[in-house]
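Derivation of every value follows stated rules applied to the coordinates shown; laboratory data play no part. Quick caveat: nothing in here was measured; it's all calculated off a predicted structure. All Cβ positions, glycine included, derive from the backbone under ideal geometry; neighbour counts span all protein chains shown.
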Amino acid sequence: MLHAVIPAAGRGTRLAPVTRAVPKELLPLGTRPVLDHVLDELNAAGVARVVLVAAPGKRALLEHLSGNPAVSVAWQADPLGLGDAVLQAEGETGEEPFVVALPDALFGGPAALRALLDVVAARDLDGAVAVERVAPERASHYGIVGTHGDGLIRELVEKPAPGTAPSDLAIAARYVLPPAIFAALRATEAGSGGEVQLTDALARLVAAGARIAAVPLPAGVRRQDVGSPAGYAAAFVDYALADPDLAPAVRDAFDARRDG
Ligand code: G1P
């Protein structure tokens, strides 16, 4: 049975002040919250059980999910980073590789995640990470991976200092990870930003011989960043235009602006 972890404990500072009261995962895209679109993606990729990691102050997530038998909630007590958030799901993700889906990125469906799962199964790997090419000056905003010729990861650096990135391949918010990631996370000290980084725990696994692939986003699939004001606004329009009930009103609004 395929499990997934959704780390949703971040404070949403990029979307403040809205996120003071409303978790960013519950902001609407079209008529449904971001979180529901992520859950749809996971479901379509074959995920049967989800552990959502929330933080104190984001209890609205619990209320939103109440009555959903496929999702349980774990809590991150202190804001110690993405790696620490994933660690809170330890013991709840089964004995097999499991998915981690960062909910501030959407991919328009399950193709990106399916590509990871397919590669892990076809090559019998320990894990896989979605990657996309970024401009060199953007590399310091991401986890960056260096790969061997066969696509397996040889090194990972979280938010490399300008000019030091091992490649232009940025980690893109979807992972398939082996259960060994939890021991690696427990052994990982705070890194970039003073937080426990998932990237650093992955680097430990790779250094210990784990076979983890970097998998480019499939052709035609792009990452939408819904955790920043500009990315959220653009994604909202995309989702509204994809909804037959909303699209006519949105088109009229654009037309009225252009003509007026
Ligand atoms: C996180 C990860 C980073 C990754 C990014 C996008 O960073 O730590 O490695 O590249 O998500 O998936 P954050 O956006 O939380 O700073």
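Have a look at the DSSP beta bridges in the chain and tell me what percent are antiparallel, nearest 5.
Numbers: 21 of 38 bridges.
DSSP beta bridges in the chain are roughly 55 percent antiparallel.
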**Karplus 3J(HN,Hα) series, Hz, for the stretch 178-185 with 6.51 cos²θ - 1.76 cosθ + 1.60 (x for Gly, Pro)** = x, x, 4, 4, 5, 4, 5, 5
**Asked** What is the projected area of the convex hull of the Cα atoms of the stretch 15-91, averaged over all directions, in nm²?
**Response** 5.8
**Prompt:** Using the C-alpha atoms of the stretch 206-260, what convex hull volume per residue, in cubic angstrom, is computed?
**Reply:** 139
**Request:** Return the whole-Å distance between the Cα centroid of the stretch 57-92 and the Cα centroid of the stretch 199-258.
**Result:** 22
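Could you give the length gained by full extension between Val22 and Asp243, i.e. 0.36 nm per residue of separation minus their alpha carbon distance, to one decimal place?
On the way: separation 221, 0.36 × 221 = 79.56 nm, distance 2.34 nm.
Difference between extended and current length: 77.2 nm.
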**Request:** Based on other C-beta atoms within 10 Å, arrange Asp168, Asp36, Asp124 from fewest to most.
**Result:** Asp124, Asp168, Asp36
**Fill in**
Amide H proximity to Gly143 below 5 Å, modelled H, separation 5+ or other chain, gives Lys159, Ile171
**Cα convex hull of the chain, projected area averaged across orientations, nm²** = 15.0
**Request:** Hey, can you grab everything whose amide H is under 5 Å from the amide H of Glu155? Only 5+ residues off in sequence or another chain; H modelled, so Pro and N-termini drop out.
**Result:** Gly146
**Prompt:** What residues have an amide H closer than 5 Å to that of Ala4, excluding those fewer than 5 places away on the same chain, when H is modeled at 1.01 Å from N in the peptide plane?
**Reply:** Arg49, Val50, Val51, Val99
**Prompt:** Rounded to the nearest 500 deg cm²/dmol, what is the calculated helix-only ellipticity per residue at 222 nm for the chain, with -39500 (n - 2.57) per DSSP H run of length n ≥ 4?
**Reply:** -9000 deg cm²/dmol
**For the stretch 46-51, Karplus couplings with θ = phi - 60° (6.51, -1.76, 1.60), whole Hz, Gly/Pro x** = x, 6, 9, 9, 10, 10
**Asked** For the stretch 150-194 and the stretch 5-42, what is the separation of their C-alpha centers, rounded to whole Å?
**Response** 24
**Request:** Return Lys159, Lys58 ranked ascending by Cβ neighbour count within 10 Å, so the fewest neighbours appear first.
**Result:** Lys159, Lys58
